[in-house]
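Asker: Right, I'll just put the structure down here and ask away after.
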Amino acid sequence: MVRQPMVRWWLLAILLAATPALALEDGDLSLTVTAEVPGGATPYPREMVLLRIRGTYRAQIALEELRQPSLPHFGWTQLGRDHWSRVTIQGQEARGFERTVAVFPQGPGRFVIDPFVHRLTIVDGGERRVVEVRSAPLPLQVAAWQGPGGPDAPEPWWLAAQGLTVTDQWEPEPEGLRLGEPARRTVTLEASGLTADALPPRPVLRTRGVLTFAGPVERQTRITPAGPVARVTYRWDVRPGVPEPITLSAISIPWFDTRARVMREAEIPARIIGGRAAKPADEAPPPPASPWRALVAGVVAFGLGLGAWGSSRRRAAPAARALRALARAARRRDAAAFHAAVTEAARRDPGLAAAWRADPGTASRLSALDAALFGAGGAPAPDLVGLARDLARTRPPVAAPAGLAPLDGKHLDGKHPAQA
């Protein structure tokens with residue numbers, strides 16, 4: 001008996017919680033959902049249908065949460081954020097709510113979209129109460145496609161859009177390609193009224209005589225108040241495989257115009273690939289040289305000829321081959337081969353060896369080379385490249401005659417050499 005008052009209080013609390021809207025009048029809280037298709041037509045599978053969720057509330061709202069049904073037979077995406085506004089209904093101020101959801105039916109049939117539920121925390125009489133405002137179930141009929149192809153056909157790809165554009169870009173232009181030269185082709189499809197996953201896969205570029213290498217595919221979806229805008233980018237590297245020009249065939253893209261309710265066809269255009277002649281034949285003959293250019297060229301040629309003549313004179317020297325071996329050994333930093341080349345040069349041209357010994361700088365570095373190779377202290381070798389350069393510049397002395405030879409076979413004193 002003691003517990004009966006407590007039970008009555010609990011029952012009263014449950015009844016008050018279950019009837020929070022008793023303080024509100026009919027029509028103060030309303031939530032509706034409508035389906036919009038261009039022209040009021042019955043949509044086909046994968047065609048965008050806009051669900052407009054609108055709420056009107058004559059109450060002070062502290063918190064809110066819109067719960068969306070699962071939509072099992074539809075793909076969907078919300079278009080932007082929820083929008084709240086102030087409206088006037090029958091002379092009374094109210095709060096207006098709107099959300100837009102794009103749904104894409106996955107097949108034909110008659111479907112029912114379950115109610116959306118708006119959970120509101122309202123302030124009524126100084127107290128906060130939680131109420132749930134439900135929309136009515138929404139029936140939606142999706143028609144089956146009757147024409148060729150369609151959503152269930154494997155080919156061509158079914159594409160239902162409000163608009164479609166095709167952009168074809170080449171870098172460089174394909175008509176100027178030579179055999180084996182590459183060009184990058186970039187094709188972009190942009191369609192409104194669908195998401196990027198609904199755009200077709202990368203088409204196949206296949207023409208005999210043209211080599212194509214497919215690149216990655218990029219997909220993007222941009223959300224706008226009117227619906228999603230999808231973009232896909234295909235890339236190929238294209239090379240002509242034959243010297244003759246080849247036509248890369250056009251690619252047709254059929255699509256259903258959801259505004260006009262008709263089938264249309266977009267196209268990736270055909271292009272001519274290659275056809276330029278080989279490089280040597282393509283080059284124009286050089287322009288005639290000007291007189292000044294010819295004069296400068298003649299002077300340069302004369303100088304080069306003198307240098308070549310001097311080089312030939314040096315190569316004709318007795319130790320020329322040994323000096324070349326010496327220079328090669330210096331570039332390799334091969335001290336032993338350098339010493340052997342020095343010895344061979346001295347053997348072939350003793351006068352040159354005498355000139356090396358007569359120069360203190362050259363003689364000291366040759367001694368350092370001997371010490372590095374044959375000494376016990378491990379002395380460092382001299383700079384072989386610099387030493388080779390100085391040895392090659394050294395010239396053997398030219399022996400001068402003892403006196404002027406008589407021009408007429410007699411000495412200056414008038415006597416014949418035999419009588420002197």
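Asker: Sequence-distant or interchain residues sharing an amide H contact under 5 Å with L177, placed H: which?
Answerer: G274, R276
Asker: Something else about it: If I model a spin label at Q68 and A153 as a point 7 Å from the Cα along the Cα→Cβ vector, what separation in nanometres do I get?
Answerer: 3.2
Asker: List every residue whose amide H lies under 5 Å from the amide H of V210, counting only residues 5 or more places away in sequence or on a different chain, with H placed 1.01 Å from N in the peptide plane.
Answerer: Here the answer is G241, since their amide H atoms fall under 5 Å of that of V210.
Asker: Placing unit charges on C-beta atoms (Lys and Arg positive, Asp and Glu negative, everything else neutral), compute the dipole magnitude of the range 76-228 about its Cα centre in debye, rounded to 20.
Answerer: Its charge dipole is roughly 240 debye.
Asker: Taking 7 Å along the Cα-to-C-beta vector as the label spot, tell me the Q60-R324 distance in nanometres, rounded to one decimal.
Answerer: For Q60 paired with R324, the spin-label model returns 10.8 nm.
Asker: Using R₀ = 25 Å, calculate the FRET efficiency as 1/(1 + (r/R₀)^6) where r is the Cβ-Cβ separation of I89 and A226; round to 0.05.
Answerer: 0.40
Asker: Rolling a 1.4 angstrom probe over the protein chains, ignoring ligands and nucleic acids, what is the accessible area of E190 in square angstrom, nearest 10?
Answerer: Estimated to the nearest 10 Å², E190 gives 50 Å².
Asker: Can you give the extra length, in nm with one decimal, that the chain gains between A358 and R52 once fully stretched, where that is 0.36 nm per residue apart less the Cα-Cα distance?
Answerer: 99.4 nm
Asker: Going by amide H atoms built from the backbone, whose H comes under 5 Å of the H on I253, apart from near neighbours?
Answerer: Excluding prolines and chain starts, which carry no amide H, the hits are A266, E267, I268.
Asker: Taking 0.36 nm per intervening residue step and subtracting the Cα-Cα distance, what contour gain separates T42 from A266 on full extension?
Answerer: On the way: separation 224, 0.36 × 224 = 80.64 nm, distance 2.43 nm.
Gain on extension, T42 to A266, equals 78.2 nm.
Asker: Let me ask something additional. Largest first, what is the accessible-area ranking of S135, S252 with a 1.4 Å probe?
Answerer: Numbers: S135 5, S252 60 Å².
Ranked from most to least accessible, the order is S252, S135.
Asker: Specify the inter-centroid distance of the range 230-279 and the range 167-205, based on alpha-carbon positions, in whole Å.
Answerer: Cα centres, the range 230-279 to the range 167-205: 7 Å.
Asker: While we're on this one: Which ³J(HN,Hα) values in Hz, rounded to whole numbers, follow from the phi angles of the range 122-136 under the Karplus curve 6.51 cos²θ - 1.76 cosθ + 1.60, where θ = phi - 60° and Gly and Pro get x?
Answerer: Computed from phi, the couplings for the range 122-136 are 10, 9, 9, x, x, 10, 9, 9, 9, 10, 10, 9, 10, 8, 7 Hz.
Asker: So, taking all protein chains as they sit and a 1.4 Å probe, how much accessible area belongs to F97, in Å² rounded to tens?
Answerer: Its heavy atoms expose roughly 10 Å² to the probe.
Asker: Output ³J(HN,Hα) for the range 351-360: one whole-Hz value per residue in order, computed from phi by the Karplus curve 6.51 cos²θ - 1.76 cosθ + 1.60 with θ = phi - 60°, and x for Gly and Pro.
Answerer: x, 5, 5, 5, 5, 4, 5, 6, 8, x
Asker: Place a point 7 Å from the Cα of Q146 along the Cα-to-Cβ direction; which residues of the range 31-71 have their backbone N under 16 Å from it?
Answerer: Answer for this model: 41-45.
The values are calculated or read from the model by the stated rules, or taken from the named source; none is laboratory data. These figures come from a predicted structure and were not determined experimentally. All Cβ positions, glycine included, derive from the backbone under ideal geometry; neighbour counts span all protein chains shown. Heads up: the accessible areas ignore ligands, DNA and RNA and are worked out on the full protein's heavy atoms, side chains in. Shrake-Rupley method; radii C 1.70, N 1.55, O 1.52, S 1.80 Å.
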